[in-house]
Amino acid sequence: MTYIAFFDVDGTLCTSSGDVLPSTVEAIQAFRKAGNLAYICTGRSKPEILDSILAIGFDGIIGAGGGYVTIEDDVLIHQTMPKPMVLDMIRYFDQHDIGYYLESNDGLFASENCERKITESITKIAKDTNVEVEPLLEKMTWFVELVKQFEDIVIDYGNVNKISFINNTVPFLEIERRYGEEFHMYQSTVALFGPESGEIAVRGVNKKTAIDFVLETLNIPKEHAIAFGDGDNDLAMFDAVGYKVAMDNATPRLKAAANEVTADADEDGIAKSMAKKLWEQQ
């Protein structure tokens with residue numbers, strides 16, 4: 001009996017510091033060695049899925065929140081946003097001092113104010129929660145360094161998968177009213193970007209549609225599919241599988257939808273759940 005597991009990345013596969021625990025690597029590799037399949041299922045676009053994550057060993061990738069799908073090395077789905085709308089969003093964000101980065105298979109392309117807006121957001125969170133700001137800033141060092149790798153690449157505005165924005169100047173609901181009819185809006189998917197931040201993605205594309213496609217292509221029943229997640233954007237992923245595992249650091253809504261709540265992503269949550277194999281008892 002073959003099972004297939006889908007793993008969100010941030011806050012699930014990766015710890016709060018962006019690392020993958022050795023216990024997680026061992027658990028996934030043992031799962032695959034037993035004849036099962038493992039897929040990444042993330043809002044991250046291709047350039048954000050680091051080699052250190054891919055080195056774990058996966059049978060495919062669902063990226064860009066469902067807009068990018070590979071099975072083994074074959075790209076089967078790649079959805080992009082209309083170029084005129086991308087340019088409209090850039091003008092709007094620049095006008096309102098909203099930081100953003102364009103997510104493309106070619107790279108991640110940040111606005112001039114992106115790093116400053118991330119720092120502003122993290123500084124405010126640290127002040128509001130009475131914690132030291134430096135450790136929080138360090139959690140985003142990998143991302144800032146990654147974005148800098150693409151500074152000299154010419155942007156193809158017709159090849160953008162998704163746009164993420166860092167915002168403390170305009171309410172999220174106002175941005176949603178402006179773009180929500182044509183695109184799917186996700187609020188505060190990266191906690192350190194602040195509560196008014198979010199993502200703008202191709203409408204009709206999400207983790208559920210992508211998982212449905214993978215299961216149909218591989219002829220695997222929903223009952224044999226497992227998902228691990230932590231955010232509200234993983235609710236769609238949960239709808240597509242037979243067994244749902246929420247991390248202890250997950251949102252209340254996701255925990256309520258889960259079959260199982262495992263330990264925190266920083267506390268071997270994936271390994272502890274996979275050791276129990278509770279999905280086999282469903």
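Data table
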{"quantity": "Kirkwood estimate for segment 83-202, i.e. one over the average of 1/r between Cα atoms, Å", "calculated": "14.7"}
{"quantity": "Hits among lysines - C-alpha to C-alpha of residue 162 under 29 Å, sequence gap 8 or more where chains match", "calculated": "46, 83, 117, 124, 139, 148, 207, 208, 222, 244, 255"}
{"quantity": "Student exercise, segment 83-202 dipole from Lys, Arg, Asp, Glu Cβ charges, in Debye to nearest 20", "calculated": "200"}
{"quantity": "Top positive-direction residue, dipole computed over segment 83-202 with Cβ charges, set 184, 108, 143", "calculated": "184"}
{"quantity": "Per residue value of the accessible surface for segment 198-248 (all protein chains in place, 1.4 Å probe), Å²", "calculated": "35"}
{"quantity": "Nearest-0.05 FRET efficiency for residue 203 and residue 2, computed from C-beta distance (R0 35 Å)", "calculated": "0.60"}
{"quantity": "The chain: radius of gyration over Cα atoms, expressed as a fraction of 2.2 N^0.38 Å", "calculated": "0.97"}
{"quantity": "Set of aspartates and glutamates with alpha-carbon distance to residue 127 below 18 Å, sequence-local pairs under 8 removed", "calculated": "138, 196"}
{"quantity": "Rounded to the nearest 20 debye, dipole of the chain from Cβ charges on Lys, Arg, Asp, Glu", "calculated": "620"}
{"quantity": "Taking the chain and dividing mean pair separation by its residue count, relative contact order in percent (alpha carbons under 8 Å, at least six apart)", "calculated": "21"}
{"quantity": "Descending Cα extents along the principal axes, segment 156-233, whole Å", "calculated": "46, 30, 23"}
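The values are calculated or read from the model by the stated rules, or taken from the named source; none is laboratory data. Computed from a predicted model, the values in this text were never measured in an experiment. In this analysis, Cβ positions are derived from the backbone assuming ideal geometry, glycine residues included, and neighbour counts consider all displayed protein chains. Just so you know, the surface numbers come from the protein's heavy atoms only, side chains and all, with ligands and any DNA or RNA stripped out. Shrake-Rupley method; radii C 1.70, N 1.55, O 1.52, S 1.80 Å.
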